[in-house]
1. Give the residue, chosen from Pro202, Pro197, Pro187, that is in contact with a His (Cβ under 8 Å, 6 or more places away or on another chain) and away from ligand 2 (no atom under 16 Å from the Cβ).
2. So Ile259 ticks every box in (1) among the β-branched types (Val, Ile, Thr); (2) more than 16 Å from the chain's Cα centre (by Cα); (3) under 24 Å from Phe135 (Cβ atoms) but one. Which box is left unticked?
3. Tell me, yes or no, whether the stretch 206-213 has at least one residue that is surrounded by 22 or more Cβ atoms within 10 Å (Cβ to Cβ) and either within 20 Å of Pro118 (Cβ to Cβ) or in contact with an Asp or Glu (Cβ under 6 Å, 6 or more places away or on another chain) (or both).
4. Could you please find all residues in the stretch 48-84 being surrounded by fewer than 20 Cβ atoms within 10 Å (Cβ to Cβ), under 23 Å from Tyr163 (Cβ atoms), more than 16 Å from ligand 2 (Cβ to nearest atom) and touching a residue at least 24 places away in the same chain (Cβ under 8 Å)?
5. Considering only the stretch 267-292, how many residues are in contact with an Asp or Glu (Cβ under 7 Å, 6 or more places away or on another chain), within 14 Å of ligand 1 (Cβ to nearest atom) and not aromatic (Phe, Trp, Tyr)?
6. Would you list the strands (runs of 3 or more DSSP E) that sit entirely within the stretch 179-291 and hold 1 or more residues that are out of contact with any strand residue (DSSP E or B) (no Cβ under 9 Å at 6 or more places or on another chain) and not assigned by TED's automatic domain parsing to the domain that holds Ser94?
7. Kindly evaluate Leu31 against the criterion of being farther than 18 Å from His181 by Cβ and surrounded by 17 or more Cβ atoms within 10 Å (Cβ to Cβ).
8. Would a scan of the stretch 128-150 turn up a residue that is under 26 Å from Arg48 (Cβ atoms), away from ligand 2 (no atom under 12 Å from the Cβ) and modelled with pLDDT under 95?
Amino acid sequence: MDRRLPTTVAQHILEQQRLRYPGASGEFSWLLSGITLATKIIAAEVRRAGLNGRLGGTGEINVQGEEVQGFDIFANEALLQCLQYRGNIGMLASEENEKPVVVLEKPGAGKYIVIFDPLDGSSNLDLNVSVGTIFSILRCDPEGSEASDPILQPGRCQVAAGYVLYGSSTMLVYTTGDGVHGFTLDPSIGAYVMSHPNIRMPERGSLYSVNEANADGFPEYCRRFLHWLKSGEDGTVYSSRYIGSLVADFHRTLLRGGIFMYPPTGRYAQGKLRLMYEANPIAFLAEQAGGEASDGRGRILDIQPEALHQRTPLFVGSKHEMERLHTFARKPAAV
Ligand code: AHM
Ligand code: MG
């Protein structure tokens, strides 16, 4: 009987490297194995969320001005520890740390920079709702870079990006610029196993995802776009879905199509989501799957970051809905 063994993420990365970069040193696979190890540790802890005393806030306020959750600290430590000793990472930067962690004495001696949101949507954990880890990998010294701060690279410079969704199952979805691949954690063998090869985002969908409670504070073109989505004008009856956990909301958008939006709001004039460790990795994945991501004016991946924790409006989804959004953004309102 021909029973093929499952393809694990480690095998997949090695195989891809062998095909695309025959001379590769294997350092990149070593780095990614740090991420898979940390996220398996986080997944195990998330599974026991009500039992390990980590639920709820710590009372501390982080660099974002938001209350730190007990799980944020745990997930941040897990990633820092698993990545710090890889030997090829010059710097690590996280939503939870105001400043990047310099891993090597000479950061330039490392090959890679890893930026992450250790546990996005962590306030949802108290309610047993899905959360995620998001990561973005850059080169320490990208070709042609003259930037004084090596971290502040536009998203198009990412060499890899992905997320882990701690949902009804745990899934790792990543890209190295050669399509998007999804792996499901098989708890019986403790490995991420290929379950979603070559994910393509549908050209159009029938779902939109936005925190509509903020709609009065959205730019005018967003309100007109929302109205259009609900009008049924192009023959699609749109329905709405909003979890309030970016990784889960994006994962659905990736697989089902449609659009996810976090526009500027009355409270967050620049949008709420962070460019370098939320919008950039999500945008890289979306584009690699055939979708689009913008801040309403231009491509997310072309934004030159000015600060590590900078926020940006984010619109991401299928080509059809993104094209319509941009039409509204360009067209002034009729007076
Ligand atoms: P966090 O990084 O502090 O967890 O916040 C980001 C989360 C995203 O997961 C989600 O898309 C968004 O905040 C939801 O915000 P809101 O509650 O304003 O709709
Ligand atoms: Mg976050």
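The values are calculated or read from the model by the stated rules, or taken from the named source; none is laboratory data. The structure presented is a predicted model; accordingly, all values stated were derived computationally and were not measured. Every residue, glycine among them, receives a Cβ derived from its backbone with ideal geometry; neighbour counts consider all protein chains shown.
1. Working: Pro202 fails: in contact with a His (Cβ under 8 Å, 6 or more places away or on another chain); Pro187 fails: in contact with a His (Cβ under 8 Å, 6 or more places away or on another chain).
It is Pro197.
2. Result: Ile259 passes all but (2).
3. Yes, the stretch 206-213 contains a residue that is surrounded by 22 or more Cβ atoms within 10 Å (Cβ to Cβ) and either within 20 Å of Pro118 (Cβ to Cβ) or in contact with an Asp or Glu (Cβ under 6 Å, 6 or more places away or on another chain) (or both).
4. Ala49, Leu55, Gln81, Cys82
5. Within the stretch 267-292, the subset in contact with an Asp or Glu (Cβ under 7 Å, 6 or more places away or on another chain) is 274, 277-278, 286.
So of that shortlist, the ones also within 14 Å of ligand 1 (Cβ to nearest atom) come out as 274, 277-278.
After this cut, where a residue has to be not aromatic (Phe, Trp, Tyr) as well, the list is 274, 278.
Total meeting the criteria: 2.
6. On the way: elements: 180-186, 191-196, 207-209, 259-262.
The strands (runs of 3 or more DSSP E) meeting that bar number zero.
7. On the way: farther than 18 Å from His181 by Cβ: no; surrounded by 17 or more Cβ atoms within 10 Å (Cβ to Cβ): yes.
No, not satisfied.
8. Looking through the stretch 128-150, at least one residue is under 26 Å from Arg48 (Cβ atoms), away from ligand 2 (no atom under 12 Å from the Cβ) and modelled with pLDDT under 95.
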